[in-house]
1. For A:V42, which of the numbered conditions (1) more than 14 Å from every other protein chain (Cβ to nearest Cβ); (2) among the β-branched types (V, I, T); (3) touching a residue at least 12 places away in the same chain (Cβ under 8 Å) fails to hold?
2. Of all residues in region A:61-86 being touching a residue at least 40 places away in the same chain (Cβ under 8 Å), assigned to a helix (DSSP H, G or I) and within 16 Å of A:V129 (Cα to Cα), which is nearest to the chain's Cα centre (by Cα)?
3. If I filter region A:9-25 down to residues being within 14 Å of chain B (Cβ to nearest Cβ) and in contact (Cβ under 8 Å) with a residue 40 or more places away in the chain, which single residue comes out as nearest to A:G132 (Cα to Cα)?
4. Quick one: which residue in A:I262, A:I285, A:I268 is closer than 25 Å to A:G132 by Cβ and modelled with pLDDT under 95?
5. Which one of these does B:E56 not meet: (1) surrounded by fewer than 15 Cβ atoms within 10 Å (Cβ to Cβ); (2) within 11 Å of chain A (Cβ to nearest Cβ)?
6. Being more than 11 Å from chain B (Cβ to nearest Cβ), under 30 Å from A:L203 (Cα atoms) and of a type in the set (S, T, N, Q) is true for just one of A:S2, A:S6. Which residue is that?
7. Any residue in region A:76-92 that is surrounded by 16 or more Cβ atoms within 10 Å (Cβ to Cβ), within 14 Å of another protein chain (Cβ to nearest Cβ) and either within 30 Å of B:L67 (Cβ to Cβ) or at pLDDT below 95 (or both)?
8. Here are A:A279, A:A185, A:A213: which of them is within 30 Å of A:N57 (Cβ to Cβ) and either more than 20 Å from the chain's Cα centre (by Cα) or not assigned by TED's automatic domain parsing to the domain that holds A:S64 (or both)?
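The values are calculated or read from the model by the stated rules, or taken from the named source; none is laboratory data. None of the values given here were measured: they were computed from a predicted structure. Methodologically, a virtual Cβ is constructed for each residue, glycine included, from the backbone with ideal geometry; neighbour enumeration extends over all protein chains shown.
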Amino acid sequence: MSSELSVKHLLGIKYLQKEDIELIFKTADHFKEVINRPIKKVPSLRDITIANLFFENSTRTRLSFELAEKRLSADVINFSAASSSVKKGETLIDTVNNILSMKVDMVVMRHPNPGAGIFLSKHVNASIVNAGDGAHEHPTQALLDSYSIRERLGEVAGKKVVIVGDILHSRVALSNIFALKLQGAEVKVCGPKTLIPKHIESLGVGVETNLKAALEWCDVANMLRVQNERMDISYFPSTREYVKQFGLNLPLLESLKKEIVIMHPGPINRGVEITSDVADSDHAIILDQVQNGVAVRMAVIYLLAAKIKQ
Amino acid sequence: MSRKVLLDSNQIHIILHRLACQLVENHTDFKDTVLIGIQPRGIFVAKRIEEILKQEYGLTDLRTGQLDITFYRDDFRRGEKPLEANKTRIDFIVEDKRVVFIDDVLYTGRSIRAALTAIQSFGRPREIELLSLIDRRFSRHLPIQPDYNGRQVDAINEEKVKVSWQENDGEDAVYLISK
């Protein structure tokens, strides 16, 4: 196995090879051990500066990236659109080039527009990590989801994963589909027909509109949040009806003939896509996902930094 | 490429026993002592030393660990390809312990420099000593010397010292390889 990634940026899972994911996971195993030490820090990236540019709100992802960067001893600067010159009309390239002229080596960016990271990677001279671009991709989330499945079930290949909820607006869903298929898992999506993109079968995934049937089929259920903030029209009659058809509760989970693993990328709307008793049960690995997120992001940043030549 | 035998299996056997004996001389019952093999190849030396201490000296409850220094190296981004990390396994805190680093070849001293930083993640040791099977003297980049030394070797930079182990490479031997 190569000790180097095939890419210079992490723009999406679509651009990765299977070997890249294996290398990231193997490296993340080491970092997971590091972050459980009494002193949770290594000096590898002490001469690297990373800018976290968040043009869209985020708590978990941003904290996770920042912690990963600090655990690697990188210098970190943070930027959020709310308090910036973007409001004064500055373009994305200008904003980023201004930041890069302060000698920044890597940019972690979340942006509401799909393809923002790809656009940036063509115009600026720094490694770009996509931390979510609109409804397109959220590669590190998909990596940490697969890493958590691998940790819980031994491997991802051959496992059956159903992604439930708002597939249409979800970058987590798309990145997960790419990542899971690349590793040889079977994938189905489940949700209201209005929230499942047309032609999604062309990505090699099945569609199921009955939650119970989907759960009976799967080994892992990834429950997505209904992204009300991205919905310009009404996609289902009411939240109550959504909960009745696609909400996961403990009686439903216990009625299944087998044990399944429950995941959620957060933030959870308790009582909507998943009830509290399920979220807090032993079936759920939601907090493991969060812990693994730091280790996986350390691995991604470390491996990309290794490609920045002095 | 030529290959010269520096030590054969019998000589290695004798040296390992002598090193173990020297450790016992300084550490007696190993109550506060921990043995740390440096990844990737120091772990084989550490394993052998541990076996001798157990079998010959009846020291059955030795504390041992393996330390990987990849993320502490000072040549990150300077080489052609990044180095692959290995497993670190230290299931105890080294706070106030007497740590003995064990490695196969001491060359520039940079690995040990990295190990000195890495071990601090597990606490503040009372002292740290170094045991190396081979000491390539005159090629040090840093002021680091072994406390327990198997064999001193004079080799030029173009030459390589390779330590082979039965369990990993099929034989116990130390070779000097020149281009």
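1. The failed condition is (1).
2. So the first thing to find is which residues in region A:61-86 are touching a residue at least 40 places away in the same chain (Cβ under 8 Å), and the list is A:61-62, A:64-65, A:67-69, A:71-72, A:74.
Going one step further and asking which of them are assigned to a helix (DSSP H, G or I), we end up with A:61-62, A:64-65, A:67-69, A:71.
Among the residues that remain, those that are also within 16 Å of A:V129 (Cα to Cα) are: A:61-62, A:64-65, A:67-69.
Numbers: A:T61: 8, A:R62: 12, A:S64: 11, A:F65: 12, A:L67: 16, A:A68: 15, A:E69: 17 Å.
Out of the qualifying residues, it is A:T61.
3. Pass one, region A:9-25, residues within 14 Å of chain B (Cβ to nearest Cβ): A:19-20, A:22-25.
Now drop any that are not in contact (Cβ under 8 Å) with a residue 40 or more places away in the chain, which leaves A:23-25.
On the way: A:L23: 22, A:I24: 18, A:F25: 20 Å.
Looking at residues that are within 14 Å of chain B (Cβ to nearest Cβ) and in contact (Cβ under 8 Å) with a residue 40 or more places away in the chain, I get A:I24.
4. Numbers: A:I262 fails: modelled with pLDDT under 95; A:I285 fails: modelled with pLDDT under 95.
Of the residues listed, the single one that is closer than 25 Å to A:G132 by Cβ and modelled with pLDDT under 95 is A:I268.
5. B:E56 satisfies all of (1) surrounded by fewer than 15 Cβ atoms within 10 Å (Cβ to Cβ); (2) within 11 Å of chain A (Cβ to nearest Cβ) except (2).
6. Details: A:S2 fails: more than 11 Å from chain B (Cβ to nearest Cβ).
Exactly one residue qualifies, and that residue is A:S6.
7. Filtering region A:76-92 for residues surrounded by 16 or more Cβ atoms within 10 Å (Cβ to Cβ) gives A:76, A:79-81, A:86, A:92.
Filter once more, keeping what is within 14 Å of another protein chain (Cβ to nearest Cβ): none.
Looking through region A:76-92, none of the residues is surrounded by 16 or more Cβ atoms within 10 Å (Cβ to Cβ), within 14 Å of another protein chain (Cβ to nearest Cβ) and either within 30 Å of B:L67 (Cβ to Cβ) or at pLDDT below 95 (or both).
8. Numbers: A:A185 fails: within 30 Å of A:N57 (Cβ to Cβ); A:A213 fails: within 30 Å of A:N57 (Cβ to Cβ).
Going through A:A279, A:A185, A:A213 in turn, the sole match is A:A279.
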